[in-house]
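Q: Quick one: the structure is below, questions incoming.
The values are calculated or read from the model by the stated rules, or taken from the named source; none is laboratory data. Since the model is a prediction, treat every value here as computed from it, not as a measurement. All Cβ positions, even for glycine, are placed from backbone atoms using ideal geometry, and neighbour counts span all protein chains on display.
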Amino acid sequence: MSESERPRRRTLLVGLAVVGLAPLAGCMTKPWRAVNADGTYCHRIGKSYRPTLTCTPTAVPTDAVEAEAKRFQADPTALTVYLLRNRWADASVVVPVTVDGAASAATIPVSLVRLRLKPGVHRVSAQWEGRSVEVNVEGRAGDLRVVELVGSGWAWGTSFEWQTAQADSVKTRAQASKLVADLDLRG
């Protein structure tokens, strides 16, 4: 092979490698499980023949609602709050979340909830195994807030805590999460 043919051959080999490996890029992302026939969604933990499934007790929003929610745009007439539950050591339990002691949504591992609230201060509470943890969320119309329900499940127990976050810092994990509730609580 002559010196003049080497750059062309190298370009050809690199091009073939890119074309051959590009379809594998889709395999790098973890696919969501399909929504069940009754509209509920189950998060699967483990790859054994008997995995642990943690399912929502109610139907989840449609794919169109989920796509719109994941744009992370604030409603100009409401305080928009996202509740994210997506951490590596999360417990495999359903954790109900209430807003101001009334309206509720059930979270599961790797899940997202969008709330549209009246402007002002609201108390968000999570309850599990007879325990609870609360956080106050405050904002005006047009504001967007993100709070994370950070959980850990170990052999000696389960714990959760709230952490406030910026939307930009959690977008990647939120995009990989399933929207399990979209509540408009302005009424």
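Q: Do we have D75 as acidic (D, E) and modelled with pLDDT under 95 here?
A: Numbers: acidic (D, E): yes; modelled with pLDDT under 95: no.
It is false that D75 is acidic (D, E) and modelled with pLDDT under 95.
Q: Every residue in the range 145-163 that is more than 15 Å from the chain's Cα centre (by Cα), within 14 Å of L83 (Cα to Cα) and of a type outside the set (F, W, Y), please.
A: Passing the criteria: only E161.
Q: Next question, about the same structure. For the range 164-187, name all the residues that are more than 11 Å from the chain's Cα centre (by Cα), in contact (Cβ under 8 Å) with a residue 40 or more places away in the chain and surrounded by fewer than 14 Cβ atoms within 10 Å (Cβ to Cβ).
A: D184, the sole residue that qualifies.
Q: Please go through the range 117-132 and give me each residue that is part of a strand (DSSP E or B) and either under 13 Å from V81 (Cα atoms) or in contact with a Leu (Cβ under 8 Å, 6 or more places away or on another chain) (or both), ordered by number.
A: Within the range 117-132, L117, G120, V121, H122, R123, V124, A126 meet the criteria.
Q: Now a separate question. Which residues, taken from the range 48-87, are among the aromatic types (F, W, Y), in a loop (DSSP other than H, G, I, E, B) and touching a strand residue (DSSP E or B) at 6+ places or on another chain (Cβ under 8 Å)? Quick ask: steps written out before the conclusion?
A: Applying the first criterion (among the aromatic types (F, W, Y)) to the range 48-87 yields 49, 72, 82.
After this cut, where a residue has to be in a loop (DSSP other than H, G, I, E, B) as well, the list is 49, 72.
Once the filter is applied, which keeps residues that are among the aromatic types (F, W, Y), in a loop (DSSP other than H, G, I, E, B) and touching a strand residue (DSSP E or B) at 6+ places or on another chain (Cβ under 8 Å), the range 48-87 yields only F72.
Q: Please find, among P76, P109, the residue that is surrounded by fewer than 13 Cβ atoms within 10 Å (Cβ to Cβ) and either under 11 Å from V180 (Cα atoms) or out of contact with any helix residue (DSSP H, G or I) (no Cβ under 7 Å at 6 or more places or on another chain) (or both). Walk me through it before giving the result.
A: On the way: P109 fails: surrounded by fewer than 13 Cβ atoms within 10 Å (Cβ to Cβ).
That would be P76, the only listed residue that is surrounded by fewer than 13 Cβ atoms within 10 Å (Cβ to Cβ) and either under 11 Å from V180 (Cα atoms) or out of contact with any helix residue (DSSP H, G or I) (no Cβ under 7 Å at 6 or more places or on another chain) (or both).
Q: Could I ask something else about it? One residue is enough: does the range 118-136 have a residue meeting the conditions closer than 18 Å to F72 by Cα, surrounded by 16 or more Cβ atoms within 10 Å (Cβ to Cβ) and either touching a residue at least 40 places away in the same chain (Cβ under 8 Å) or among the small types (G, A, S) (or both)?
A: no
Q: For the range 69-112, which residues satisfy the criterion of being more than 14 Å from the chain's Cα centre (by Cα) and farther than 28 Å from T158 by Cβ?
A: Q73, A74, D75, P76, T77, A78, L79, T80
Q: Right, something else. So, in the range 46-61, exactly how many residues are β-branched (V, I, T) and buried (at least 17 other Cβ atoms within 10 Å of the Cβ)? If you could, list the steps in order and put the result at the bottom.
A: First, the residues of the range 46-61 that are β-branched (V, I, T): 52, 54, 56, 58, 60.
When the remaining residues are screened for being buried (at least 17 other Cβ atoms within 10 Å of the Cβ), the result is 54, 56, 60.
Residues meeting the conditions: 3.
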